Amino acid sequence: MADYTVERRCAEALARAAGKRIPIERREGLSVRDKSENNPVTNVDVSIETFLQDELHSMFPDDRIVGEELEDEPGGDTDRAWYIDPIDGTLNFSRDLPMFCVSIALQVDRQSVVGVIYDPRRDELFSAERGEGAHLDGEPIRVSEESSLGDAVLVTGFPRSLEETEVDNLINFTQLTRASQGVRRLGSAALDLAYVATGRLDGFWEYHLNPWDTAAGYLLVQEAGGVVTDARGESYSAHEASTLATNPHLHEELVERLEDF
């Protein structure tokens, strides 16, 4: 198996550096505009993504860089692509709600091999390298052992417009809220996945996310012993139309319930 230790350590350092810049730039002045309906972006998102693109491009000039806010940075003739979300949870950030993070992932042949998520408000660094396990601040993490859906705590999110998808996730939300201990909506898919990887939450599902939302988090869950597929139980690479991440005990039941709903 290829060794991506250098890439992981670079991503960890960059995620921390970006996270430390976020509150400084916010204090210097925050402006918010809508990229599209119900889709805000701030000047800090753009500034942090520019910083990450520049740093990654200087470290790995042949790699492609794909970010949420700016045009993709082309690389050379390579199968390697970095997916970066400078602030996953922009709406939370714009309202000073403490659920947002920096997400950085490296994919090779459209599979994540490095995933790093940094939460600047809690100063928590989640990190994974394929085949090397998942860690929180350097300590190994594992998904939960909860086997009963009735005792599970789940998390989900919704598209910016319910017209964007033929799947009515409100039905899933209602039914799974009744079937479980509860369903949360935290507003950051990357942190949702990181929390499944740590066992704080038992399962996550959502529709119509982008690769920069999940490329780091899904690797964390897999390396922490969890299972990640699309909502139909098919293989996952962060480029699918749906995401389902759970501990191994709950996955099959959640696939069946999402299909039934």
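Among Val183, Ser94, Thr156, whose Cα sits farthest toward the positive end of the charge dipole of the chain (+1 at Cβ of Lys/Arg, -1 at Cβ of Asp/Glu, about the Cα centre)?
Ser94
On a C-alpha basis, how far is the centre of segment 1-39 from the centre of segment 63-139 in Å? Whole number, if you could?
Cα centres, segment 1-39 to segment 63-139: 8 Å.
Out of all Cα-Cα pairs in segment 149-260, roughly what percent, to the nearest whole number, are more than 22 Å apart?
Value for segment 149-260 (Cα pairs over 22 Å): 19 percent.
Based on DSSP H runs of at least 4 residues, each adding -39500 (n - 2.57), what is the mean residue ellipticity at 222 nm of the chain after dividing by all its residues, to the nearest 500 deg cm²/dmol?
-11000 deg cm²/dmol
For a footprinting-style exposure proxy, rank Ser147, Ser31, Ser180, Ser127 by other Cβ within 10 Å, fewest first.
Ordered from fewest to most neighbouring Cβ atoms within 10 Å, Ser147, Ser31, Ser180, Ser127 come out as Ser31, Ser147, Ser180, Ser127.
So which GluC sites (Glu not before Pro) in segment 5-59 are both in a DSSP loop and have at most 16 other Cβ atoms within 10 Å of their Cβ?
Glu37
Work out which helices of the chain, taken as complete DSSP H runs, extend at least 20 Å along their axis over the Cα atoms and score a mean Kyte-Doolittle of -0.5 or more, then list them.
43-59
State log₁₀ I(q)/I(0) for the chain at q = 0.10 Å⁻¹ as given by the Debye formula over alpha-carbon point scatterers of equal weight, solvent excluded.
-0.45
Pick from Ala231, Ala194, Ala245 the residue whose mean-square fluctuation is largest in a GNM of the chain, springs joining Cα atoms under 10 Å.
Fluctuation is largest for Ala231.
Within segment 109-180, report the GluC sites (Glu not before Pro) that DSSP leaves as loop and that have at most 13 other Cβ atoms within 10 Å.
Glu145, Glu166
Treating segment 5-140 as a set of equal point scatterers at the Cα positions, no solvent, please give the Debye-formula log₁₀ I(q)/I(0) at q = 0.14, 0.22 Å⁻¹.
Debye curve over Cα of segment 5-140, log10 I(q)/I(0) at q = 0.14, 0.22 Å⁻¹: -0.62, -1.34.
In debye to the nearest 20, how big a dipole does segment 149-260 give about its Cα centre with +1 on each Lys and Arg Cβ and -1 on each Asp and Glu Cβ?
In debye, rounded to 20, segment 149-260 gives about 460.
Readers should treat all values here as calculations from the given coordinates under stated rules, not as data from a laboratory. Quantities reported herein were computed from a predicted structural model and do not represent experimental measurements. Glycine gets a Cβ as well: all are built from the backbone with ideal geometry, and neighbour counts include every protein chain shown.
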